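Worksheet: the structure to be examined is printed underneath.
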Amino acid sequence: MRVLIRADAAVQIGSGHLMRCLTLADHLRAEGGDVAFVCRDLPGSMFDVLEARRYPCARLPFCEAGDGSQDADARETIKAAEGLFPDGLEWLVVDHYQLDAAWEAVLRPHVRKLMAIDDLANRQHDCDVLLDQNFYRDQDRRYLGLLPEGCVTLLGPGYALLRPEFVEARRRPRSRDGSVKRILVFFGGSDPTNQTEKVLSALAQLKLKDIAVDVVVGSANPNRDAIQVLCSQLPEVAFHCQIFNMAELILNADLGIGAGGSAIWERCYLGLPTITVVLADNQVRTTEDVADIGAIAYLGRSDLLTPADYARAIVEMIDNPSRVKAIAAAALGVLQAARTSVTDAMRKVIQRDAPAGAI
C-alpha cells in the first residue's frame, strides 16, 4: 500500500501524534508498504527522527497554531501528496486535533481511503476507518453521530500502536513483587511544563538509597541540556535522550513516573506501575478512567504539582509494596487482544471495496 501520513510534532503539542504514526509506518513498511509523511515546520517538529528512519517527508511552511485554515492545510497536503506519490495513494492517515471532516472532505477525491486517528471525539470525521487506541469506559458510544455510515471503528488499547520491541519484551514477562529498586521517569518527547525537573528536585530532596533512576527526554525537549546537568549531579541517575529501547527500560523498572497519552499503553502493556500526571486537557478523561480501574496511580494535573507532591507520591509507593504490585497486575490487564491489527483492518477495507479481480 502507498500511505501518506499527516501529523505534527512540536514543543507545545508534544510528540505523541507523530510517534504513534511512526509506529504505524514501521508496521506498514514491514509489510511492504510505501509510507511518507507530511508535517508542518514547527519548533520541535522532529524531522530528524523521520530522516533517521528514512521516511520521505514534505515540510509544510510554519504558521502559528490555529492561524492556518483547514482548507489551506488540505491544499498544501494535496500538493505534497502529488510530489511524494505521483501514481496516487491507497491511504491517507491523519492524526491531528485541528483537522476534521472539512479537511478530510477536500482530500477525499485524491485518495482511495482515509483513516483518522483521534481520541477527543469532539468533532465530525469523514473517514473510512477511525482509530482511537485510548481506554474509555464508554468507548463504544463516544463517536455516535460523528462518523459516516460504514466507517470501521478500531477502539480501545487493544489497537494500541506498539513498536515490535514491546511485543518482544512482553514475551519475557517479569514478576514484580512491589518493591522499588529502579524508577523510570518520562514525560513525553517535549515535556512542555518541565515535569522532569520537578521530579529530579523531588529525588534530590529524598536522597533515596539503593534505588537507580532512568530519566528519558526527547530531542524536542527544550530543557534537555539542563536536565542532563541535573542528572549528572545526582547519584544513581542515568540520563537518556531520544532513545529507541524504551521497552527495555520499562521492563527493567519497578516504578514509573510520567505523563498520560500514548506512553500509558506502553507502560501498561509491560505492567509497569506508574505515578501518572496529565499535561493537557485531552489526557484527563482517559487517564482518570484508567486510574478508576486501578491500573495507574493518578497524581493530577502537571501545572498544579510541585516537587513536594512528587516526593510524597514516590515515598507512598515505595512504602506500600502491596499497592505497587496491585497496580502492576491491573496495568497488565488493560491491553486486551484486538480481533485484528490496524494494518490488517486497513487492508481489509481496501479489499472490501475493490472491484472484482482488482486485488
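Every read-out reported here was derived from the displayed coordinates using simple, explicitly stated rules and does not represent laboratory data. This is a predicted model, so every value here is computed, not measured. Positions of Cβ are generated from backbone atoms using ideal geometry, with glycine treated the same way; all protein chains shown enter the neighbour counts.
Tabulated results
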| read-out | value |
| --- | --- |
| Between the range 210-235 and the range 26-53, the alpha-carbon center distance in angstrom | 26 |
| Loop trypsin sites (Lys or Arg not before Pro), the range 1-77, which have at most 11 other Cβ atoms in a 10 Å radius of their Cβ (DSSP) | 54 |
| Size of charge dipole - the range 165-332 - debye, nearest 20, with Cβ of Lys, Arg +1 and Asp, Glu -1, no other charges | 400 |
| Among 138, 126, 177: highest mean-square fluctuation, GNM of the chain, C-alpha pairs under 10 Å | 138 |
| Extreme residue, positive dipole direction of the chain, given options 321, 69, 55 (C-beta unit charges) | 321 |
| Amide proton proximity set for residue 256, modelled H, under 5 Å, gap of 5+ | 184, 274, 275 |
| Chain lengthening between residue 236 and residue 124 when straightened (0.36 nm per residue, less Cα-Cα) | 35.4 nm |
| The chain, dipole about Cα centre (Lys/Arg Cβ +1, Asp/Glu Cβ -1), debye to the nearest 20 | 980 |
| Summed residue charge, Cβ within 12 Å of residue 222's Cβ, Lys/Arg positive, Asp/Glu negative | -2 |
| Paramagnetic reach from residue 306 in the range 203-218 [backbone N under 18 Å; point 7 Å along Cα→Cβ] | 203-207 |
| Amide H contacts under 5 Å for residue 113, placed H, 5+ residues apart | 91, 92 |
| Loop-resident sites, the range 140-210, for GluC sites (Glu not before Pro), counting at most 11 other Cβ within 10 Å (DSSP) | 149 |
| Vicinal HN-Hα couplings computed from phi for the range 43-56 (Karplus, 6.51 cos²θ - 1.76 cosθ + 1.60; Hz; Gly/Pro x) | x, x, 6, 6, 4, 5, 5, 5, 5, 5, 8, 6, 9, x |
| Charge-dipole axis of the chain as Lys and Arg at +1 and Asp and Glu at -1 on Cβ define it, positive-most pick from 22, 245, 97 | 245 |
| Close Lys-Lys pairs in the chain, where close means Cα under 14 Å and separation is 8 or more or interchain | 4 |
| Trypsin sites (Lys or Arg not before Pro) within the range 299-352, DSSP loop, no more than 12 other Cβ atoms inside 10 Å | 339 |
| Test item: Cα-centred dipole of the range 31-83, Lys/Arg +1 and Asp/Glu -1 on Cβ, debye | 140 |
